[in-house]
1. Among the residues that make up the stretch 36-57, is at least one of them at pLDDT below 80 and on the phi > 0 side of the Ramachandran plot?
2. Return the residues of the stretch 139-189 that are within 30 Å of Arg52 (Cβ to Cβ) and not in a helix (DSSP H, G or I); say none if nothing qualifies.
3. Under 8 Å by Cβ, and 6 or more places apart or on different chains, what pairs join a residue from the stretch 154-165 that is surrounded by 14 or more Cβ atoms within 10 Å (Cβ to Cβ) with one that is of a type in the set (Gly, Ala, Ser) and assigned to a loop (DSSP other than H, G, I, E, B)?
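The values are calculated or read from the model by the stated rules, or taken from the named source; none is laboratory data. This one's a predicted model, so the numbers in the text were calculated from it and none came from an experiment. All Cβ positions, even for glycine, are placed from backbone atoms using ideal geometry, and neighbour counts span all protein chains on display.
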Amino acid sequence: MKLFNAKNIGGSLLGLMLLFGTLMLSSTTAQAQYPYPDRDQYRRQREYERQRQIQIERERQAQLERERQIWEQQRNGTWNNGTWNNGTWDNGRWNNQGNRGRRGRNGDGYRNYGGSYELRQTALNSGYNEGLKAGRDDRRRGRYNPQGSGAFRNASKDYNSRYGDRYAYQQYFRDAFINGYSDGYNYGY
């Protein structure tokens, strides 16, 4: 009897190749069923981002509530440690008597920096409108920074030298910008 005949060797080789091929195919199929072995990392990253968005939204809501409280105080004229008090300007300080709580030369709540009526109105209108746009944009971006706007820093939109004093124009513009910004940011006008 021959131990090494061609039939035995050929059959053995064929069996080994068949076994090797089966093993290779089974590992490939197992891989195809779960092609992303590091999927947990992506899941963790998504969860982290979701939690971060929730935290940002909470902070934004808290900021809005603080601003609402300040707005209520301003409207009621109860904030006394700043520069306004819904009263009249008298001898270098505000008092709450007379002029029915008006402020400014037109009772519109803006200070009087001088200049012509045209300078004042143009600066107030332009500043408020620019602030409104900046407030809406920053609300969409989820940040609150009125002084960070280029329009606030320059404060010269629609300024013309025939109006007069540029400094007075900029002061009116910035005051109105802040009011417009808070309206755009808080209410999305």
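1. No, that holds for no residue.
2. Scanning the stretch 139-189 gives Gly142, Arg143, Tyr144, Asn145, Ser149, Gly188, Tyr189.
3. Qualifying pairs under 8 Å: Tyr163/Gly115; Tyr163/Ser116; Gly164/Gly115; Gly164/Ser116; Asp165/Gly114; Asp165/Gly115.
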